Amino acid sequence: MNKYDLAMKNSLQTAEKELWGFEDFVESAVDEGFFHELLTTTKPVGPTICYEDKEMINFASINILDFHQEKDVLDHFHTACGTYGLTTGGSRVTQGVCEAHLSMEKELCHITGKERSISFASGLLANIGFINAMTSKFNFSPTCNINNSDTVFILDRDCHWSLWKAASHLEFGKQLFAFRHNKAEDLERVLAKVSQKHEKIVVVFESVYSADGSIAPLGQILDTCEKYNALSYVDNANGFLIYGPENRLFAEEFAAMRRATFVMVSFSKSIGLEGGAIAGPKEYIHAFEVLSGTSLFTAAIQPPTASTIYYIMQKLQNHPEIMNNYLKRSLALRQRLEEKNFTLSPVPSYITSVLIGNDEKAVHVYDAFLQAGLIVPMFRYPAVKPDHALIRIMLNAHHKAEHIDKLISVLEHLKFKYQF
């Protein structure tokens, strides 16, 4: 290549770089601490995590009970591999549903009190599929068709990205509305206005919010939905099989969940495996097989994983002491943090957030944790409001006392150094 051709090539590459902006975006994002170069894990993820040969204490895992490293769970998974194989091999609609998925979905109906359920490869796909199905306009034939393109959604402002993304095709202020986080009175204000013009209304909110561990006033929100004949969709990704029993916190709030029209769950928290599902009225859920799109046009949960999810769901119900003990330890950790005068999220759920505040300060705190051999998730803008950065702490059932002691020790040191 001569000098002229090389110069032309470099010029074109520069123009392309400026046009798309990805390289500059990544460089700025890394420099400003919005994200880091990805590390490579080399062993099972749990209370500790290994990057090549370096082991670090892990407070970033959402797999809170660490079941995937327990012998009985692994034995069940291995047996299920031999029974069902590693893949569904095709769509539910085209070749049928695997027995492992059906058993799992029936168990979910038993737990939630719903008529039918459908599973997805992830909770995110469940959320996207739900809003897609509930706003669908589709024709199989002149006599087999559906049109719900006029559906209106009202979301809690703090709903997960997947829900807001799924609803992004709806015009805000016309088919998409928001109410103040966990404020039933503000939901009523919005519903009173929207219900004057629309009949098809779906209210969407979460049971437990992942950034700050706040708990929805489920009964109040559902009362309001029922008052205005709105359907309700509870994203229970962070509360499934964690809260509900009378001896645990928030029992009253979670008792109301059976009144919700739809309940979505993620299997990545209490169960500790990938996948999600929606349970609800049979006529809706049956239609979701096709109308969701995220069931029909993408892979499902692997069959041995579905079978193992079913196994763990039964295990948690037959042995409530597992979750009871976990929640007891989570509250004990929170109490220790309170005694050290950290500014914590106000609701005493198993998700505890430590407020850092300033976004730039949060970058230094995160890097200091890495240097100390701990992985902690740092939430900063745009995940939370500007200068409301926080560390989210979720205990792992297999964290040792020395892991927790080191977390608190490092936090104390950094609190003094960075004044948060």
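Students often check this: by mean Cβ neighbours within 10 Å, which of 50-57, 270-277, 288-295, 23-30 ranks highest, and how do the rest follow?
Numbers: 50-57: 13.4, 270-277: 23.8, 288-295: 21.0, 23-30: 11.4.
Highest to lowest by the protection proxy: 270-277, 288-295, 50-57, 23-30.
So for each of 200-206, 125-131, 174-180, 374-380 I average, over its residues, the number of other beta carbons within 10 Å; can you give me the resulting order with the highest mean first? Each step should come with its number before you reach the end.
Details: 200-206: 23.4, 125-131: 25.6, 174-180: 17.1, 374-380: 19.4.
The packing order, highest mean first, is 125-131, 200-206, 374-380, 174-180.
Skipping prolines and chain starts, which residues have an amide H placed within reach, meaning under 5 Å, of the one on residue 352, given they are 5 or more residues away or on another chain?
It is 393, by chain and number.
How much of the calculated P(r) for the range 147-263 lies past 25 Å, in percent of all Cα pairs? Could you put the intermediate results ahead of the total?
Numbers: 1230 of 6786 pairs.
Counting pairs separated by more than 25 Å, the tail of P(r) holds 18 percent.
Let a ≥ b ≥ c be the square roots of the eigenvalues of the Cα gyration tensor of the range 15-159; is it rounded (a/c under 1.5), or, if not, prolate (a/b larger than b/c) or oblate? The partial results should precede the final answer.
Numbers: a/c = 2.07, a/b = 1.16, b/c = 1.78.
Oblate, since a/c reaches 1.5 and b/c is not below a/b.
Find how many whole Å separate the alpha carbon centroid of the range 385-408 from the alpha carbon centroid of the range 219-264.
Computed from Cα coordinates, the inter-centre distance equals 27 Å.
For the range 255-343, what is the accessible area per residue in Å² when the probe is 1.4 Å? Write down the numbers at each step before the final one.
Details: 3680 Å² over 89 residues.
With the other protein chains kept in place, the range 255-343 gives 41 Å² per residue.
Here are some values of semi-axes √(5λ) of the Cα gyration tensor in Å: (i) 34, 30, 26; (ii) 65, 31, 17; (iii) 55, 27, 20. Which one was computed from this structure?
It is the value labelled (i).
Need one word for the range 273-420: rounded, prolate or oblate. Basis is the Cα gyration tensor (sqrt eigenvalues a ≥ b ≥ c); a/c below 1.5 gives rounded, then a/b vs b/c decides.
Values: a/c = 2.54, a/b = 1.72, b/c = 1.48.
Prolate, since a/c reaches 1.5 and a/b exceeds b/c.
For the range 267-276, take each phi angle, set θ = phi - 60°, evaluate the Karplus expression 6.51 cos²θ - 1.76 cosθ + 1.60, and give the result in whole Hz per residue in order, putting x for glycine and proline.
Taking θ as phi minus 60°, the curve returns 9, 8, 9, 5, 6, x, 10, 7, x, x Hz for the range 267-276.
Under 5 Å between amide H atoms, partner at least 5 residues away or on a different chain: which partners does residue 235 have, H built in plane at 1.01 Å?
Here 205, 206, 207, 264 satisfy the definition.
Would you grab the residues whose amide H sits under 5 Å from the one on residue 343? Only those 5+ places off in sequence or on another chain, please, with H modelled 1.01 Å from N.
355
Can you work out the Karplus-derived ³J(HN,Hα) for every residue in the range 167-180? Use 6.51 cos²θ - 1.76 cosθ + 1.60 with θ = phi - 60°, whole Hz, and x for glycine or proline.
So the Karplus estimates, Gly and Pro as x, are 9, 5, 7, 8, 6, 5, x, 10, 10, 9, 9, 9, 10, 4 Hz.
The values are calculated or read from the model by the stated rules, or taken from the named source; none is laboratory data. Everything quoted here is computed from the prediction, not taken from an experiment. Positions of Cβ are backbone-derived with ideal geometry, glycine not excepted, and every protein chain shown enters the neighbour counts. Just so you know, the surface numbers come from the protein's heavy atoms only, side chains and all, with ligands and any DNA or RNA stripped out. Shrake-Rupley method; radii C 1.70, N 1.55, O 1.52, S 1.80 Å.
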